[in-house]
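Take a look at the structure set out below.
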Amino acid sequence: MERRTLLKAGLVLGVSLFAKAVGLLPVQAKESTDMKDTFEVIKTEEEWKKLLGEEQFQVLRKAHTEPPFKNKYFDNKAPGTYLCAGCELPLFSSKEKYDSGTGWPSFWKPIADDAVRTKTDYAMIFPRTEVHCRRCGGHQGHLFEDGPPPTGLRYCINSAALKFVPEQS
Ligand code: FE
């Protein structure tokens, strides 16, 4: 019995170290809210379904993840602003977008400190930091601590959750 407990403890430690190594542990310090919080833009599931396309609905309202490299903006280098595809709140700027090599649009910070909020997500075996729109609660993606300076953060965002508005020249 004792041996089994010891084995279990070893397994948990090993799994935790692995999770940390691959950047899957949540960014605790950044956690700011809970999905139970109220949002400025509130719609029923049926209303969201009508407003959004199927893919956008699955990502924004059901927290699905789109495939890497097969999405609209991962390789978009044009200057402009990325709005929430649900409520059009500006969330990210091309100025903070970088090529993370992951196949998803990646930013090292949001356009404003209060543009997005985070919560711990237990959808996978390991807890992750989920990122959502401050105004409508729409799921955007996840936050990791392996981004470039100066923040060291990587906002890994679904293209389907964004609407790109090119800069006026
Ligand atoms: Fe939104």
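Where a number appears in this text, it was derived from the coordinates with a stated rule and is not lab data. Everything numeric here is computed off the predicted structure, so don't read it as measured data. Neighbour counts run over all protein chains shown; Cβ positions are idealised from the backbone, glycine included.
Observations on the structure shown:
- Label point distance in nm, residue 40-residue 77, each placed 7 Å from Cα along Cα→Cβ: 3.4 nm
- Within region 65-169, GluC sites (Glu not before Pro) in DSSP loop having at most 15 other beta-carbon neighbours inside 10 Å: 88, 167
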